[in-house]
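Visitor: Let me begin by handing over the structure; questions about it come next.
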Amino acid sequence: MKKIGMLKDMIRSAFRQPVTELYPVERRPAAEDFRGMLHWNPEGCTGCALCVKDCPADAIELITIDKAAKRFVIRYHVDRCLFCGQCAYSCRFNCITLSNDEWELADLGRDNYTVLYGEPEDIEQFSLESEPEPDIEPA
Amino acid sequence: MNPTQTADRFIIPIGPQHPALKEPGHFEFTVEGETVTGASVRLGYAHRGIEKGTESRNWTQNLYLLERVCGICSHIHATAYTLGVEQLAEVEAPPRAQAIREIFAELERIHSHLLWLGVAAHDAGFDTLFMYTWRDRETVMDILEEVSGNRVHYSANILGGVKFDITDKAANTILKGLDFLEERTHHYRSVVNEDTFFLQRTRGVGLMTKEEALRLGVVGPTARASGVERDIRVDAPYIAYHDFPVNLVTLPTGDLEARFLVRLDELLDSYRVIRDILNDMPEGELTVKRMPRKMKPGEVISRVEAPRGELFYFIRSTGGESPDRIKVRTPTLCNMGSVIKQAVGHNLADVPMILVGIDPCFSCNDRAVSIRESRRNGQEKVWNWADLRRYGIEFYRRKMGLESSILE
């Protein structure tokens, strides 16, 4: 007699709920250590720029407002980011975290993909000083 | 050659456009009627410049670049690179880090082999097996996401250790997942071994003897299915394979069925090894105390066993922050030559299965195949991969309809 290997599986599955999820309607919470969007906390940052040096995708820029007073602004390019987590690992002062709930990052334009992090007054000062730059593609 | 033979002889080119293949290839199969009489392969189409790219990035950045050589065996590429760089820096990752690397390597092997089983079944027209293996593969993908934070590029390695620990909670998740997968793997093994229709596509197809396999320098499960005892994990244990050895799985038959069974048996062995490691996890640090940013000048080679076979890295440093040269040789390159040998004498309908049998990352094979009809009229008929696959399935359907046990 011919043996049909998957017959039992098929019959059993006919009486089961589908295993797929109705994604936009049902959302499974991301894993605890999921690596999503980067967040930077200016407290403790010494401006060593290890995160910038080690980033494989040139996604982080460190802008120095006042080196002596340790005032920095981080310009983060979400669209370039690989979410590898090396920056968070390289940072000795735990200033960088990767969020586990911000992972639906699709957008229609690239404008929202450049994010500035830092103390509000530093960001303001930086925005006043710098002229709007055209978005340069990484090499 | 007389004119009738010329009229019957077709050359079927396959490729070279193939987004999923690490070594995108162009195959030309010469067929007489249904039978393949000759085959040739050309490689080197999708040159991404990764090796050159490594020279302009620092040692840490290269880790992530090289991880992206392959989407399926990402961890093992990073492992091969880190092991090489650690040799250059004369440091050794702590035992716990090595054990975690082995867990990831084996989890990756599980997901890669399950993926392959599904793809191979799909090319044989056995879509039920494809759907169910991929459903079950989600278990191991979820484990990887839970433990590392990402499904595909786990980025577990860093130079000198690993990024994250495997906590007790993570260990429980892994063990629970493995129990389910082990049960399913036993089931798939019996399906692959017993399903009458599937056996007609695999048993005795794509035969390669041990001598041929040795001569062609075949690696990985493809070699082990021909009885070649070749596994870097056993021959030259790296990371934690000294302490947690794997069993060498070989089969003497050398046909497609053997390639299925070797991979499925390796799965069962991977489950055992992961359980062994989790039961007896070494304690200690996850990284070395100090990893230099500049590596000493020197040349190293690093060999690891990727899911598809031996992966080879050559790294040369001149003492700077970036490598001077990195050469990567992936297992698919070694196995590609065997396709030419195996295909000869088989039906054209078997070609997709023989190609997929070496596991060449055929995850999204959809590209143009041009069939040059008889040279006299010079017409060209264009087939894509889906057509060839359909042709193979239809061919066997017709054949099985006429005669149920053609191989007996």
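The values are calculated or read from the model by the stated rules, or taken from the named source; none is laboratory data. Everything numeric in this text was worked out from a predicted model, so none of it was measured. Reconstructed Cβ throughout: ideal geometry from the backbone, glycine too, with neighbour counts over all protein chains shown.
Visitor: Residue B:235 - would you say it is charged (D, E, K, R) and free of Cβ contacts under 8 Å to residues at least 60 places away in the same chain?
Guide: Judged against the criteria, residue B:235 is a match.
Visitor: Taking residue B:359 and the conditions (1) of a type in the set (D, E, K, R); (2) at pLDDT 80 or above; (3) surrounded by 16 or more Cβ atoms within 10 Å (Cβ to Cβ), which numbered condition does it fall short on, given that it satisfies the others?
Guide: (2)
Visitor: OK, next. Kindly indicate which of B:181, B:175, B:207 is in contact (Cβ under 8 Å) with a residue 60 or more places away in the chain, more than 14 Å from chain A (Cβ to nearest Cβ) and not in a helix (DSSP H, G or I).
Guide: B:207
Visitor: Of all residues in segment B:138-152 being at pLDDT 90 or above and within 20 Å of the chain's Cα centre (by Cα), which is nearest to the other protein chains (Cβ to nearest Cβ)?
Guide: Result: B:138.
Visitor: Then there is this: So is residue B:236 at pLDDT 90 or above, under 24 Å from residue B:351 (Cβ atoms) and not basic (Lys, Arg) or not?
Guide: Values: at pLDDT 90 or above: yes; under 24 Å from residue B:351 (Cβ atoms): no; not basic (Lys, Arg): yes.
The answer is no for residue B:236.
Visitor: Can you tell me which residue within segment B:67-80, out of those that are touching a Ser or Thr at 6+ places or on another chain (Cβ under 7 Å) and assigned to a helix (DSSP H, G or I), is surrounded by the fewest Cβ atoms within 10 Å (Cβ to Cβ)?
Guide: Step by step, filter segment B:67-80, then rank; the result is B:67.
Visitor: Could you please give the count of residues in segment B:275-301 that are surrounded by fewer than 16 Cβ atoms within 10 Å (Cβ to Cβ), over 30 Å from residue B:263 (Cα atoms) and under 29 Å from the mean Cα position of the chain (by Cα)?
Guide: 1
Visitor: Check segment B:92-104 and report whether any residue there is under 30 Å from residue B:355 (Cβ atoms) and in the same structural domain as residue B:272 (by TED's automatic domain parsing).
Guide: Yes, there is a match, as at least one residue in segment B:92-104 is under 30 Å from residue B:355 (Cβ atoms) and in the same structural domain as residue B:272 (by TED's automatic domain parsing).
Visitor: Here's another thing I want to ask about it. Quick one: count up the residues across segment B:297-312 that are out of contact with any His (no Cβ under 8 Å at 6 or more places or on another chain) and either on the phi < 0 side of the Ramachandran plot or outside the structural domain of residue B:232 (by TED's automatic domain parsing) (or both).
Guide: The qualifying residues number 11.
Visitor: With respect to residue B:202, is the statement that it is within 14 Å of another protein chain (Cβ to nearest Cβ) and of a type in the set (Ser, Thr, Tyr) true?
Guide: The answer is yes for residue B:202.
Visitor: Inside segment B:122-146, can you point out the residues that are among the aliphatic types (A, V, I, L, M) and touching a Ser or Thr at 6+ places or on another chain (Cβ under 7 Å)?
Guide: Listed by number, the list holds a single entry, B:143.
Visitor: If I ask for residues that are aliphatic (A, V, I, L, M) and surrounded by fewer than 20 Cβ atoms within 10 Å (Cβ to Cβ), which ones from segment B:200-227 would you list?
Guide: Matches in segment B:200-227: B:207, B:214.
Visitor: Follow-up. Looking at segment A:40-126, what strands (runs of 3 or more DSSP E) fall wholly within it and have at least 3 residues that are away from chain B (no Cβ under 14 Å), of a type outside the set (Lys, Arg) and over 26 Å from residue B:66 (Cα atoms)?
Guide: Here the list reads A:60-66, A:71-77, A:114-117.
Visitor: Among the numbered conditions (1) modelled with pLDDT under 90; (2) under 30 Å from residue B:78 (Cβ atoms); (3) buried (at least 20 other Cβ atoms within 10 Å of the Cβ), tell me where residue A:102 comes up short.
Guide: (3)
Visitor: What is the number of the single condition among (1) more than 14 Å from chain A (Cβ to nearest Cβ); (2) outside any helix (DSSP H, G or I); (3) over 30 Å from residue B:351 (Cβ atoms) that residue B:105 does not meet?
Guide: Here residue B:105 clears every test but (2).
Visitor: Quick test for you: out of B:262, B:339, B:304, pick the one residue that is at pLDDT below 90, among the hydrophobic types (A, V, I, L, M, F, W, C) and either buried (at least 23 other Cβ atoms within 10 Å of the Cβ) or closer than 30 Å to residue B:41 by Cβ (or both).
Guide: Details: B:262 fails: at pLDDT below 90; B:304 fails: at pLDDT below 90.
When all the criteria are applied, what remains is B:339.
Visitor: Filter segment A:31-50 for residues that are surrounded by fewer than 17 Cβ atoms within 10 Å (Cβ to Cβ) and within 23 Å of residue B:140 (Cα to Cα) and give the result.
Guide: Within segment A:31-50, just A:32 meets the criteria.
Matching residues to (1) among the polar types (S, T, N, Q); (2) more than 17 Å from the chain's Cα centre (by Cα):
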| site | (1), (2) |
| --- | --- |
| B:114 | no, no |
| B:166 | no, yes |
| B:200 | yes, yes |
| B:214 | no, yes |
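Visitor: Of the residues that make up segment B:123-137, is at least one part of a helix (DSSP H, G or I), buried (at least 24 other Cβ atoms within 10 Å of the Cβ), within 14 Å of another protein chain (Cβ to nearest Cβ) and not hydroxyl-bearing (Ser, Thr, Tyr)?
Guide: Looking through segment B:123-137, none of the residues is part of a helix (DSSP H, G or I), buried (at least 24 other Cβ atoms within 10 Å of the Cβ), within 14 Å of another protein chain (Cβ to nearest Cβ) and not hydroxyl-bearing (Ser, Thr, Tyr).
Visitor: Give the residue, chosen from B:37, B:4, B:30, that is assigned to a helix (DSSP H, G or I), modelled with pLDDT under 90 and surrounded by fewer than 21 Cβ atoms within 10 Å (Cβ to Cβ).
Guide: B:4
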